[in-house]
1. Figure the gain on full extension for Val332 and Thr56 (residue separation times 0.36 nm, minus the Cα-Cα span) and round it to one decimal in nm.
2. Residue by residue through the range 356-368, which ³J(HN,Hα) values in whole Hz follow from phi under the Karplus form 6.51 cos²θ - 1.76 cosθ + 1.60 (θ = phi - 60°), with glycine and proline marked x?
3. What list of ³J(HN,Hα) values in whole Hz, one per residue of the range 108-123 in order, does the Karplus curve 6.51 cos²θ - 1.76 cosθ + 1.60 (θ = phi - 60°) give from phi, with Gly and Pro shown as x?
4. Mind giving me the FRET efficiency for Gln354 and Glu21? R0 is 22 Å, r the Cβ-Cβ distance, nearest 0.05 is fine.
5. What FRET efficiency comes out for the pair Tyr179/Glu225, r = Cβ-Cβ distance, R0 = 30 Å, nearest 0.05?
6. With +1 on the Cβ of every Lys and Arg and -1 on the Cβ of every Asp and Glu, and nothing else charged, how large is the dipole of the chain about its Cα centre, in debye rounded to the nearest 20?
7. Leaving out ligands and nucleic acids, note down the accessible area per residue over the range 325-386 with a 1.4 angstrom probe, in whole Å².
8. Quick one: which residues, 5 or more positions from His78 or on another chain, have an amide H under 5 Å from its amide H? H modelled 1.01 Å from N in the peptide plane, none for Pro or chain starts.
Amino acid sequence: MNREKAPVMDPLSVVKDIMTEFAESTGLSNPENPPRRYLWTDAFGICNFLELYRQTGDEHWRRSALSLMNQVHTMLGHHRQDDPRPGWISNLSESEGARHPTLGGLRIGKSMNERKPADPYNEREEWDRDGQYYHYLTKWMHALNRMSRSTGESTFNLWAIELARTAHAAFVYTLPSGYKRMYWKMSIDLSFPLVASMGQHDPLDGLITYRQLQATAQELSPFPEARLDSEIADMESLCQGHNWTTADPLGIGGILSDAYRVLQLDMETEFTRTTLFNELLESSLAGLDAFTQGPLLRLSADYRLAFRELGMSIGLHAVERMKRITEDRPDVFPKNHPAHGQINRLYQYLPLGQTIETFWLDPRCRESQTWTGHLDINRVMLATSLAPDGYLTY
């Protein structure tokens, strides 16, 4: 008996459908839907729109990226509607704030207002409260950098640099011992910490993102004010002796994506942390080994968080790209270079990324509460995993 073959999926077509629905349902392209902005999701969204533009040449997608950027700045750069404070969170006038939309940072976009200084701390509730996350701000810096590289306009990168300076001044502090530390979450106006502990990978994100912004600035707008030397020095200090290994799939994907950005910077600029690339590869290997020994991928969709797993599948796509670069540059990576062995070991995990994508492309899995309850972030990161270069390229 003849069986019909299953239709071959066109990843680009799926990404177009996902991003079209995302734009409509979150109020970007359909004015009948109230705007719904969330900084992490929208940073990935901009990268996806730019990748669709790169692959199709259709200006619709680049206009969508610009519209999304403007809506994020307008909404998340202003105080909340349920906050008595009006205007830009930077306290700039409306016209000056529009010229410098990131100068006060950007809100997360959570559903509940921030906790006030005198309010008791509730760990579960804090996840739903607004404020500013450093690791969300670095994602937005990256998205603005991608906008500059796609359009050739330096303004977006300069906004990212202004955001980097603002975030750095608020989140990084010095202990009495002289050592630097970072807060994990700050208030909307950046006046006090909401969560004082330091995110494991925040210094790493900061170091690589600052280097990336400075490299782009030197290429597009080589002005003295576009440098981040002191901020980079602080992040170098914070990264010294740090352990990056994690078994969290989103964290593993972040390490792999960061390793690829480091490699790109190493190839195009003088990135001083020459051992960082190998450190990140080794940390990702340890994390993947620990993750695959766990039961998560054997569970049903009801017990899994798609966006965390898709973060790992995005990072695994970076492995293929790192292999191509290291093999094409024997002058930098001779045959005995440890990166070859590390990347070859990482290659055995590539089917894991395909398994994750296939699982969450299944309509039955997307009926689960864990998918629908985090719909925007889940579908945007699925789109990124299916067309990753818009995000992975620095």
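1. Values: separation 276, 0.36 × 276 = 99.36 nm, distance 3.37 nm.
Length gained between Val332 and Thr56: 96.0 nm.
2. 5, 4, 4, 4, 7, 7, 5, x, 5, 6, 7, 8, 6
3. 5, x, 5, 6, 9, 5, 5, 6, 7, x, 8, 6, x, 7, 10, 4
4. Values: r = 23 Å, r/R0 = 1.06.
It comes out at approximately 0.40.
5. Numbers: r = 29 Å, r/R0 = 0.96.
The formula returns an efficiency of 0.55 here.
6. On the way: 40 positive and 51 negative charges, 72 e Å.
In debye, rounded to 20, the chain gives about 340.
7. Numbers: 3250 Å² over 62 residues.
That works out to 52 Å² for each residue.
8. Under 5 Å from the amide H of His78 lie the amide H atoms of Ile89, each far enough along the sequence or on another chain.
The values are calculated or read from the model by the stated rules, or taken from the named source; none is laboratory data. As the structure is a computational prediction, the values presented were derived from the model and not from experiment. Neighbour counts run over all protein chains shown; Cβ positions are idealised from the backbone, glycine included. Remember, those area values only see protein heavy atoms, side chains included, never the ligands or the DNA or RNA. Shrake-Rupley method; radii C 1.70, N 1.55, O 1.52, S 1.80 Å.
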